[in-house]
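Please treat every number below as a calculation from the coordinates, not as lab data. Since this is a predicted model, take the numbers as computed values, not measurements. Positions of Cβ are backbone-derived with ideal geometry, glycine not excepted, and every protein chain shown enters the neighbour counts.
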Amino acid sequence: MNIKKEIFGRCPKGETVFLYTLVNPNGISVKITNYGAIITDIEMADKLGKKENIVLGFSTLEEYLSAEYLANYPYLGAVCGRYCNRIAGGKLNVEGVNYQLFINNGPNHLHGGQTGFDKMVWSPKTIEMPDFVGLELKYRSVHLEENYPGNLDISILYKLSHKNELTIEYKAVTDRTTVVNLTNHTYFNLNGGKENIFNHKLHINSKKRTVNDSTLIPTGEIAEVTSTPFDFSTTKSVGAEIGTLPDGYDLNYVLDNPDHKMVFAGKLSDEQTGRSVSVFTNEPGIQLYTGYYIPALGNRFGRYSGLALETQHYPDSPNHPEFPTTFLHPGETYKSKTTYTFETSHS
């Protein structure tokens, strides 16, 4: 187990940003930058022993800051918050006080607003233990940043273990009641980006979804997915029924997890390379997004070039009291945990 630190670039305000490479004895490596808490690269071997990057990302900070990328911004590998996913109309009511959040996705608020956690420089600390190497990132989101109430202190711990597990542990505390919903927006492409994700096999451990309106805001209805294009409760290829949907998949699946225990949420695999990633989480939902709006940048990326499995609470939960709560009160600690397990089948 080892971890390497190098300079990744400098932000326009002059902050030096670093890149950390976590490596385990089995040859799996994960690169993370303290700008946006972004996972830039995950390398693992295929069934022939060839190592490739299996996520969408850039090799320089300048690319993450470029006008071309930001103009069609897909949040590659970033941590999203203070509230990931959408809030209807940007309207938030906390203890009787209305807060108008920034509108950045049609009529709605998305992933924390104009300058969310994905664009912040986090304070880093490396951790080396016998069975894992880790990177702890901390950030204080001040009261009324992006118009969210409360000073929120967040820590994120990335851990790569000798068991080929990448775990992300989130914690947060606040000095006044607020909302918190954090996720990592990594896009996977297990064939190293040689093809789109249509031939990937996907299993999601859920038979229910939150039903959306035309702007991807939940109506409040929880619907069965059986015998619909949204059904991945039995493994099938991502592209099997994607053509029946105008812009692919972008929806929240309901995990049967009322006690916030670690549960199996899903598995993505690629038969051609033998690679797979399984997702475990204590969150109540997982958002499947197949990357319809990923921009083509030069000869890289583009529509359906990666697939995100975002563990999180449901979209627009603050406006749906029937959903699992995302309110955090003083004296409480927000805790969220997700583990990605990487495997290579040699059959």
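Could you sort the peptides 305-318, 267-280, 8-21 by per-residue average Cβ neighbour count (10 Å cutoff), highest mean leading?
Ranked by mean Cβ neighbours within 10 Å, highest first: 305-318, 267-280, 8-21.
Starting from the amide H of Q287, placed 1.01 Å from N in the peptide plane, find each other amide H under 5 Å away whose residue is 5 or more places distant or on another chain.
Y253, E310, T311, Q312
Assign unit charges at the C-beta atoms only (+1 for Lys and Arg, -1 for Asp and Glu), then state the dipole size of the chain relative to its Cα centre in Debye, rounded to the nearest 20.
In debye, rounded to 20, the chain gives about 560.
For segment 107-118, in order, what is each residue's ³J(HN,Hα) by Karplus, 6.51 cos²θ - 1.76 cosθ + 1.60 with θ = phi - 60°, in whole Hz (x at glycine and Pro)?
x, 10, 8, 9, 6, x, x, 5, 10, x, 4, 5
Past 23 Å, Cα to Cα, is the threshold; run K236/K335; K51/K267; K208/K267; K125/K261 against it and keep the listed order.
Long pairs (Cα-Cα over 23 Å): K236/K335; K125/K261.
Students often get this wrong, so try it: which of (i) 217; (ii) 131; (iii) 194 is volume of the Cα convex hull per residue in Å³ as calculated from the structure shown?
So the calculated entry is the one marked (ii).
Pop out the ³J(HN,Hα) list for segment 239-244 in order, Karplus 6.51 cos²θ - 1.76 cosθ + 1.60 with θ = phi - 60°, rounded to Hz; leave Gly and Pro as x.
After applying 6.51 cos²θ - 1.76 cosθ + 1.60, I find x, 4, 10, 5, x, 7 Hz.
Per the Kirkwood definition applied to all pairs of different Cα atoms, how many angstroms is the hydrodynamic radius of segment 201-297? Show your work: numbers first, answer last.
Numbers: mean 1/r = 0.0699 Å⁻¹.
When all Cα pairs of segment 201-297 are included, the Kirkwood radius is 14.3 Å.
If we count other beta carbons within 10 Å of each Cβ, what is the order of V94, V79, fewest first?
On the way: V94 16, V79 30.
Ascending number of Cβ neighbours within 10 Å: V94, V79.
Would you mind checking which residues have amide H under 5 Å from H162's amide H? H placed 1.01 Å from N; only 5 or more apart, or other chain.
Under 5 Å from the amide H of H162: no residue qualifies.
In whole Hz, what ³J(HN,Hα) sequence does segment 329-345 give by Karplus (6.51, -1.76, 1.60; θ = phi - 60°), x for Gly and Pro?
10, x, x, 9, 10, 6, 9, 9, 9, 9, 10, 9, 10, 9, 9, 10, 8
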